[in-house]
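The values are calculated or read from the model by the stated rules, or taken from the named source; none is laboratory data. Keep in mind that what you see is a predicted model, and the values were worked out from it rather than measured. Glycine also receives a Cβ, built like all others from the backbone with ideal geometry; neighbour counts cover every protein chain displayed.
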Amino acid sequence: MNIHEYQGKAILKSYGVRIQEGIVADTPEEAVEAAKKLKEDFNSDWVVVKAQIHAGGRGKGGGVKLAKNLDEVKQRASDIIGMQLITPQTGVEGKKVNKVLVAQDVYYPGESATKEFYMSVLLDRAKGRNIVMYSTEGGMDIEEVAEHTPHLIFKEEIDPKVGLRPFQASKIAFNLGLSGAAYKEMTKFVAALYKAYEGTDSSMFEINPVLKTSDDKILAVDAKVNLDDNGLFRHPDYAALRDTTEEDPTEVEASESNLNYVKLDGNVGCMVNGAGLAMATMDIIKLAGGEPANFLDVGGTANAQTVKAAFNIILKDPNVKAILINIFGGIVRCDRVAQGVIDAYQEIGNIPVPIIVRLQGTNAEEAKKLIDESGLKVYSAILLREAADRVKEVLAK
Ligand code: GDP
Ligand code: MN
């Protein structure tokens, strides 16, 4: 689950990570009040108004603006709230901005210059370890740094049993070229950041930029956080952080029906029980010359209710030219699933695309019979090969 910058920063702060302080606002008036409060609490004359959307690159798209007085705060906030913000990460249609974060300006001038770094904590699946990835080249696209100057990206592997060790934090601060107060601050920053990542069961915490201020403070200017969905049950309070307006509406609807759905760009919708079988089904569709329109795992209990919800979700996609239902009857009996398909089909009425149903496992023969005798425009198959051939046939029509 992704969360907004302002929410990520609140989590960071609760773990003792120094942040660029800010207050979230829904309207230009609230933004002005926020700026006044920042002046009171942190004596910040200038503020930055930052669009809150679940995508990075906001600065480049015009979603991060400096304001030097309250009139400018109001102006910038009314420009940004409601805008359709297009960044390299939003796609061409962009994302509508509903909130802004009014944050203290931390790029204030001073004797020594400010410096931007990059830092993230994430899981390296291949190594089975967490890593701290960091670079002196902060503030810009890390992908670009990785492509052109990969030697400027460092990685520190963390043993999850032990956690981040003090010498590792020191090594990171050293590699970032810091000394004196900033060096010490950075070691504390890294340790607290790692604790936040671990304590929240996150799969990623990306801070770009991490800023060294002109008075040698180290703080998080940005926060891109991905909370691991599998860990959410341990943090019931995080449910409130979810912003469904940022998610694909079909995926939200699917999750409400307990379906695991990911939209793709192909033309063959699929409905499968089990994630592994769903992956294999997508391969079969490709082998048959089609492209999967989605990944959809209906889970262990494929009854009429879930099958109907799944049909409705798949049919929302106008690119779908055929639907392949691939169910393995292990826990669930195939004839019950077949009846579910028939009931759902009759309830929905006219489904405009051909449906191929492949049921294998317990009571597969009975299931095929049920479908063949239902009189509906549903093709049945027991072997995966047959199902694939059927897909090829209906796509050729
Ligand atoms: P992103 O573009 O979505 O990654 O958003 P960031 O939060 O990283 O902000 C983008 C850029 O805005 C940063 O790299 C900074 O250059 C700039 N920025 C952020 N905060 C401040 C600030 O307090 N003062 C000034 N002058 N610039 C800022
Ligand atoms: Mn950023």
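Which residues, counting only those in segment 37-58, are within 16 Å of ligand 2 (Cβ to nearest atom) and touching a strand residue (DSSP E or B) at 6+ places or on another chain (Cβ under 7 Å)?
Taking segment 37-58 and keeping what is within 16 Å of ligand 2 (Cβ to nearest atom), we get 48-58.
Result: Val48, Val49, Lys50, Ala51, Gln52, Ile53, His54, Ala55, Gly56, Arg58.
Looking at Leu164, is it at pLDDT 95 or above, assigned by TED's automatic domain parsing to the domain that holds Glu198 and touching a helix residue (DSSP H, G or I) at 6+ places or on another chain (Cβ under 6 Å)? Taking the combined requirement at face value, the residue satisfies it.
Can you say whether Asn226 is in contact (Cβ under 8 Å) with a residue 40 or more places away in the chain, on the phi < 0 side of the Ramachandran plot and out of contact with any Gly (no Cβ under 9 Å at 6 or more places or on another chain), as far as the supplied structure shows? So Asn226 passes the test.
Of all the strands (runs of 3 or more DSSP E) wholly in segment 232-332, which have at least 1 residues that are aromatic (Phe, Trp, Tyr) and crowded, with 22+ Cβ neighbours inside 10 Å?
260-263
Checking each residue of segment 197-217 against the condition of being in a helix (DSSP H, G or I), surrounded by fewer than 22 Cβ atoms within 10 Å (Cβ to Cβ), away from ligand 1 (no atom under 16 Å from the Cβ) and modelled with pLDDT of 95 or more gives at least one match. For Asp372, the criteria (1) crowded, with 16+ Cβ neighbours inside 10 Å; (2) in contact with a Ser or Thr (Cβ under 8 Å, 6 or more places away or on another chain) hold in every case but one, which is (1).
Within the group Ala67, Ala10, which residue is buried (at least 16 other Cβ atoms within 10 Å of the Cβ), without any contact (Cβ under 8 Å) to a residue 40 or more places away in the chain, in the same structural domain as Ala169 (by TED's automatic domain parsing) and among the small types (Gly, Ala, Ser)?
Details: Ala67 fails: in the same structural domain as Ala169 (by TED's automatic domain parsing).
Among Ala67, Ala10, only Ala10 is buried (at least 16 other Cβ atoms within 10 Å of the Cβ), without any contact (Cβ under 8 Å) to a residue 40 or more places away in the chain, in the same structural domain as Ala169 (by TED's automatic domain parsing) and among the small types (Gly, Ala, Ser).
Summed over segment 333-352, residues that are assigned to a helix (DSSP H, G or I) and over 16 Å from Gly269 (Cβ atoms) total 11. Applying the condition of being outside any strand (DSSP E or B) and within 16 Å of ligand 1 (Cβ to nearest atom) to segment 218-231 and asking which residue is surrounded by the most Cβ atoms within 10 Å (Cβ to Cβ) yields Ala223.
Is it fair to say Ser203 is more than 16 Å from ligand 2 (Cβ to nearest atom), in contact with a Pro (Cβ under 7 Å, 6 or more places away or on another chain) and of a type in the set (S, T, N, Q)?
Numbers: more than 16 Å from ligand 2 (Cβ to nearest atom): yes; in contact with a Pro (Cβ under 7 Å, 6 or more places away or on another chain): no; of a type in the set (S, T, N, Q): yes.
So Ser203 fails the test.
Residue-level check: of (1) closer than 16 Å to Ala220 by Cβ; (2) in contact with a strand residue (DSSP E or B) (Cβ under 8 Å, 6 or more places away or on another chain); (3) assigned by TED's automatic domain parsing to the domain that holds Ile218, Asn2 misses just (1).
Of all the residues in segment 71-106, those that are in contact (Cβ under 8 Å) with a residue 12 or more places away in the chain and assigned to a loop (DSSP other than H, G, I, E, B) number 14. Answer yes or no: is there a residue in segment 7-29 that is touching a helix residue (DSSP H, G or I) at 6+ places or on another chain (Cβ under 7 Å), within 19 Å of Val97 (Cβ to Cβ) and within 16 Å of ligand 2 (Cβ to nearest atom). Taking every residue of segment 7-29 in turn, at least one turns out to be touching a helix residue (DSSP H, G or I) at 6+ places or on another chain (Cβ under 7 Å), within 19 Å of Val97 (Cβ to Cβ) and within 16 Å of ligand 2 (Cβ to nearest atom).
Scanning segment 13-36 for residues that are surrounded by fewer than 23 Cβ atoms within 10 Å (Cβ to Cβ), touching a strand residue (DSSP E or B) at 6+ places or on another chain (Cβ under 6 Å) and not β-branched (Val, Ile, Thr) yields Lys13, Arg18, Glu21, Ala34.
Within segment 323-344, does at least one residue satisfy the condition of being touching a Cys at 6+ places or on another chain (Cβ under 9 Å), without any contact (Cβ under 8 Å) to a residue 40 or more places away in the chain and either under 27 Å from Asp248 (Cα atoms) or not basic (Lys, Arg) (or both)? No, every residue in segment 323-344 fails to be touching a Cys at 6+ places or on another chain (Cβ under 9 Å), without any contact (Cβ under 8 Å) to a residue 40 or more places away in the chain and either under 27 Å from Asp248 (Cα atoms) or not basic (Lys, Arg) (or both). Among the residues of segment 115-143, those that are assigned to a loop (DSSP other than H, G, I, E, B), crowded, with 16+ Cβ neighbours inside 10 Å and modelled with pLDDT of 90 or more comprise Thr136, Glu137, Gly138.
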